[in-house]
Structures are given as structure tokens and as C-alpha cells.
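Working notes for the structure below.
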Amino acid sequence: MKDKNKKGDRPRYTVAVTGLNAIDSPGPGMAVIRAVREAKDYDVRIIGLSYEALEPGIYLHDWVDKTYQIPYPAAGSESLFARLEYINDIEKIDVLIPNFDAELHNFIRLGEKLRKIGIATFLPAMDQFEARDKVNLYAFGQKHGLLVPADRIIYKVEDLAGTAKDFGWPIVVKGKFYEAVVAQTLEQAQKAFHKLHAKWGLPIIVQQFISGSEMNIAVLGDGKGNTISAIPMRKLYITDKGKAWAGITVEDNALIDLAKKFITATKWRGGLEIEIMLSVDGKPYIMEVNPRFPAWIYLTAGAGQNQPAALVKMALGETVEPYTTYDVGKMFIRYAWDHIVNIEEFQKISAFGEL
């Protein structure tokens, strides 16, 4: 496998990546691609896997060598596998890195079938994936001695008033996959409930509000309880959707220890992001655990621990030693620019599902 695309003395791998939507709430795909392309000991050919024809990564040909559309997660795992089988017959994919929460169920289910056709993944087992789900996170924290704000799973908008009475205002209203709204009043909470219900379905998670500083940790686990990499980042600029538009690596051994404790407890396999609220009295509350690389994952490469590049090697069965140091004070600042494309390219991906 290592030699089939050999270029010079470095092996060349074909890596397929989802999450090409580099918008104001970006997917991690382009950051993952950028990091993997900077791997020091192998070269890559990048295959983009898109859901919509306007995902910007499709048209960024300096980064993505070829793109194929794949079915939406709701179509199910068999439909996805049929499409991946077709793509693999052409491209001979070595490693596939999915980057959206909603698609991971299907990719985890397909892990063994993908392996049999030569596609390696490096994903958590289904029980690991479900243990950190928003609906299970509080119980997980209680079990393993991790601080998690109290929450309640609700299915009816009428349950908001009683929940808020128990938690006190404000409350945080969360969708089952994405998005969170801090509601100061019952009217705001009801509006958030209906919006998130329409977008992501039920249940809705209502969480106790914790005041403090937002921190995030990008983490890579080896599946055996070892933490290969953990880099804490403090948000410097946050968009109206709660996304970090700028951030900086920080030195915080307590956050790294928390990440290691999580990895030890779950034996997590692959990348993840732990969202932390550092309370005013210095306690780290786990707000969410996202089961894939975050959109800011390129910062790990910039800080000296290239997590996506390491994941590719681990997926292919290579041993990667845990990183021990990283650069503190490395910043990322996200930006946007207008990429000009020809209408023929848009028509081709829309009509044929390939570009």
C-alpha cells in the first residue's frame, strides 16, 4: 500500500476528505487537507467528498485534486457504501477522513466493509461515539469525575419553563447535532427550540449556563487510551454563530490533563474537540465533545503537532509517538476571499457528481 503511489523516496497516499464547506461556519475539511498536505514524510493526492455543489473546496484545485458528490447521511450507510465503492474503483483511496458529526454514524458502521476494499479510517467505536453524545454527556461526566453542566433532554416546548426554573436564567438551548443558543427569556428559549427542532430534529438539549472563558482542546487518541496530541486554544474572536474566527494556543496543563483523562476513560480512536467553559472560579466545565477534528485544526500543525498528518499514519497502521511539546502563543486568524470559478465547473459537479 505504501509503495503503490511512490514519489521519490516518500510514499504517496490517496486521502479522501469530507467537510469542504469553507463558509462562515466552516467544516473542518479544508483545514484537514491543508495540514495533511504539510506532512513531513509522505505526499498525498486529495479526493474531496461533497454533499452540495456550492461547497467552496470543490473548486480549490490547488488543494483538492478531484471531488465526488456523495449521498446525504439520511440516505443510509448502504447508499453511501455503494458510492464509495464506485469512487474507490477509480481512485484507490488509502485513507478516508470524515469531518461532520451527522455523517459519522454511517462511516463508523461501514468501517469493516471499507477496510475490506482497501480504505482505512481511524474512527471511534460506536459505543465511544455515543458516550460523548450531547444527550449522554452529563451522565458520562458523572461516571468519570469530569465537570459537565447539568442538562435536560426535552421533546416538547412546554418543558422549557420548568427546566429554566430549575436551572435559572439564562439557559443554553442546543440542537442534537449542531448549534447552541443562550436564552435570557422564555420567549427566546421557545424561539430557539423551534428553530433547532426544524433544523436538526428532536430531542433538544437544555443546559445549565456557566459563565466564564471559552476554551477548546484539539485532541488525538490512539484507541488504546493514549493521548497522541492535545492542544488547548483560547478563542479571541467569536462569530454570531459561536464559531472561533481567531484563537491562540495557550499553556494550560490542567486542560491537557483533562483531555488525557477523557482519552483514558473512553479509549478514543481518532480526533476530537473538547469545548470547555473555564468558570470564573477556575473550574473547567466540558460543554461539548465534538467527535471529529475542529475547523481550526490547522492550528495544531502551526503549533508543531500536526494531528491530521499523524492520523493518516495511524490509520495505515503506523505507530506514532505522543507529542510532548507545542508552540504557545501561536495564533490563527480566519479570513474569507472571493474565488472565481467558471459556470461549466458548477454545471459539471451538479450534473455528473464529479469534478
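For this structure, a couple of remarks:
- In a DSSP loop and with at most 16 other Cβ atoms within 10 Å, the GluC sites (Glu not before Pro) in segment 230-304 are 251.
- Ascending count of other beta-carbon atoms within 10 Å, so fewest first, for 169, 245: 169, 245
- Lysine-lysine proximity count for segment 205-313, Cα under 15 Å, sequence distance 8 or more or distinct chains: 4
- Cα gyration tensor shape for segment 38-123, rounded if a/c is under 1.5, else prolate or oblate: oblate
- Springs between Cα atoms under 10 Å define the GNM used for the chain, and in it the highest mean-square fluctuation of 11, 98, 232 occurs at 11.
- For the chain, the calculated P(r), taken from all Cα-Cα distances in 20 Å bins from zero up to the bin holding the longest distance, is 29, 59, 12, 0 percent.
- Whole-number D in µm²/s for segment 261-355 (Stokes-Einstein; Kirkwood sum over Cα pairs; 25 °C, 0.890 mPa s): 143 µm²/s
- Neighbour-count ranking [beta-carbon atoms within 10 angstrom, fewest first] of 54, 160, 299, 316: 54, 316, 160, 299
- Between the amide H of residue 288 and those of 275, distances stay under 5 Å, these residues lying 5 or more places away or on another chain, with hydrogens modeled in the peptide plane.
- CD proxy at 222 nm, helix term only [per DSSP H run n ≥ 4: -39500 (n - 2.57); per residue of the chain; nearest 500]: -9500 deg cm²/dmol
- Beta-bridge orientation, the chain: approximately 75 percent antiparallel, per DSSP, counting only bridges with both partners inside.
- For residue 14, the amide hydrogen comes within under 5 Å of the amide hydrogens of 45, 94, 95, counting only partners 5 or more places away or on other chains and with H modelled in the peptide plane.
- Of the residues 325, 300, 67, 264, the one with the fewest other Cβ atoms within 10 Å heads the list, and the complete ranking is 325, 264, 67, 300.
- Taking N as its residue count, the alpha carbon Rg of segment 150-208 over 2.2 N^0.38 Å: 0.93
- Cross-link partners for residue 348 among the lysines, with Cα-Cα distance under 24 Å and sequence neighbours closer than 8 places in the same chain left out: 66, 92.
Each value in this text was obtained by applying a stated rule to the coordinates, not by laboratory testing. On a predicted model such as this, the values are computed, not experimentally measured, just so you know. As a convention, Cβ positions derive from the backbone with ideal geometry for all residues, glycine included, and neighbour counts pool all protein chains shown.
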